[in-house]
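Enquirer: Structure below; questions to follow.
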Amino acid sequence: MKAKRPTKAQRLSSTTINTLPQTTIENILCFLPIREAARTSILSREWRYKWTTIPKLEFDSSTLSKGKNKEKLPSDIASARKNMDERCKLFNAIHQVLLMRQGPIHEFTFHSNKSYRFYELDQIIFHLSRNHTVKKLTLALDYMYSYKLPLCAFSMHQLKDLDLHYVVIDHQPIVSVFGSLRSLSLIKVKISTKALLHILSNCPSLKRFTLLGFIGHKDCTIIELFDCLHVIEDLTIYGYCAHQLVLDSVPEELSTSQIHLKYFCFKKMSLDGNHHLTFLAILLKCSPNLEHIVLEAELGYNDENEIYSGILEKYSDVWMEHLKELVIYYFNNSKPSMEFVKFIISRSPKLKKVLLISSVVHEKDEELEMLKVLLQAPRVSPVQIVVKKYDE
């Protein structure tokens, strides 16, 4: 008698992936878009609900397949109807996924480049706040309609990573916020100085902070900012924020040294005024354990920049005992730029590498001339200096 061939479900149950622990399967499914993860439910009865326990949920405008609108309407009406249909389908899908959940949610990501008003997010964040398991929350929205973060978000006490783009925080500071937070990124977030300082001062475990936002009403001083960042290790600041953080008169030292800071990135740096360089100089002086510095943007073109020279002289006692690497993007060979690099290599005994990614060096001779000048400058370590073209 001829043996029966095993069914597809039986063959699937004997495969290696089916013998893996549930947590391993969940980790594998996390790498799939939520739509594709849900499709694994058709593999077999055993797989029907495996996707409902994955701890990481990510939604965006491409979560749903794009439908074709065959009805011919004026372009503005058609566009409005399309946006409404897409938004309704997207949030209906999110609600269905949340209703079918059979396990804790550790990460939730929502990002969209569509110009919607995301009123429906309030209910979703309220649901997540009651879940008490979310450790990472990312809301990256469109710049056209900034989303007002609801008050219930501040009750997510288990959060360790919060990443917000184009969000408005206009609540009065509340007593308790994110006590477990270790990483905070505020990109184009509209927030008052009082709210920002209150949030930071109530994040005792914050180790990573990125700020590119609109600090409203009054400038936040550099002293106030760093007094809140007690254990910060990784700091990224955009030039616009540095202009707000430095007043006309600043102290030569901060009241609190940033002894834990190891990585600093300064994006959109400019020397149109003295704010950016003053901010950088103060930070270097008060961060004795800094290991990596990354600067993005031009350091200046004006060779007669007296303000620049005066600031460097004012902080001539800076000594960077632990600095290992300096990276500068959009580097140019102007006098201020060259003087800044000389300033660093003459005060960093453990510096191993300086990488200058230049947007103005086009010929090999220009690169060699720049290297020659820098290699002849006083150094306190056998540092490797590399000059590269920006497009290499």
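Enquirer: Any chance you could run the full-extension gain for Leu99 through Lys314? It's 0.36 nm times the residue separation minus the Cα-Cα distance, nm to one decimal.
Expert: Values: separation 215, 0.36 × 215 = 77.40 nm, distance 6.09 nm.
Net length gain for the segment: 71.3 nm.
Enquirer: Shifting gears a bit: Take peptides 188-201, 310-323 and line them up by average Cβ neighbours within 10 Å, highest first, as a rough protection proxy. Don't skip to the answer; put the middle values down first.
Expert: Numbers: 188-201: 19.1, 310-323: 14.9.
So the peptides 188-201, 310-323, ranked by packing, come out 188-201, 310-323.
Enquirer: Could you compute the FRET efficiency for Asp60 and Ser180, with r as their C-beta to C-beta distance and R0 at 41 Å, rounded to 0.05? Before the final figure, lay out the partial values.
Expert: On the way: r = 26 Å, r/R0 = 0.64.
Result of the calculation: an efficiency of 0.95.
Enquirer: Could you tell me the extents of the stretch 330-392's C-alpha atoms along the three principal axes, largest first, rounded to whole Å?
Expert: 31, 21, 18
Enquirer: In this model, which of Lys136/Lys267; Lys188/Lys389; Lys136/Lys190; Lys285/Lys352; Lys207/Lys388 are farther than 26 Å apart at the alpha-carbon? The partial results should precede the final answer.
Expert: Values: Lys136/Lys267 24 Å; Lys188/Lys389 30 Å; Lys136/Lys190 21 Å; Lys285/Lys352 20 Å; Lys207/Lys388 32 Å.
Violating the 26 Å Cα-Cα cut-off are Lys188/Lys389; Lys207/Lys388.
Enquirer: With a ≥ b ≥ c taken as the square roots of the eigenvalues of the C-alpha gyration tensor of the stretch 125-214, please select rounded if a/c is under 1.5 and otherwise prolate if a/b is larger than b/c or oblate if it is not?
Expert: Values: a/c = 1.38, a/b = 1.18, b/c = 1.17.
Rounded shape, in that the Cα axes give a/c under 1.5.
Enquirer: Same structure again: Given 10 °C and 1.306 mPa s, how large is the Stokes-Einstein diffusion coefficient of the stretch 157-210 in µm²/s, with Rh as the Kirkwood radius over Cα pairs? Please report the intermediate quantities before stating the final value.
Expert: Working: Rh = 11.2 Å.
D = 142 µm²/s.
Enquirer: Using a 7 Å offset from the Cα along the Cα-to-Cβ direction at both Tyr263 and Ile28, what is the distance between the two label points in nm, to one decimal?
Expert: If labels sit at Tyr263 and Ile28, their model points lie 3.1 nm apart.
Enquirer: From the P(r) of the stretch 83-163, can you give the percent of Cα pairs sitting at distances over 23 Å? Walk me through the numbers before you get to the answer.
Expert: On the way: 592 of 3240 pairs.
Of all Cα-Cα pairs in the stretch 83-163, 18 percent lie more than 23 Å apart.
Coordinate-derived values only; no laboratory data. Because the structure is predicted, anything quoted here is derived from the model rather than measured. Cβ atoms come from the backbone with ideal geometry, glycine included; neighbour counts cover every protein chain shown.
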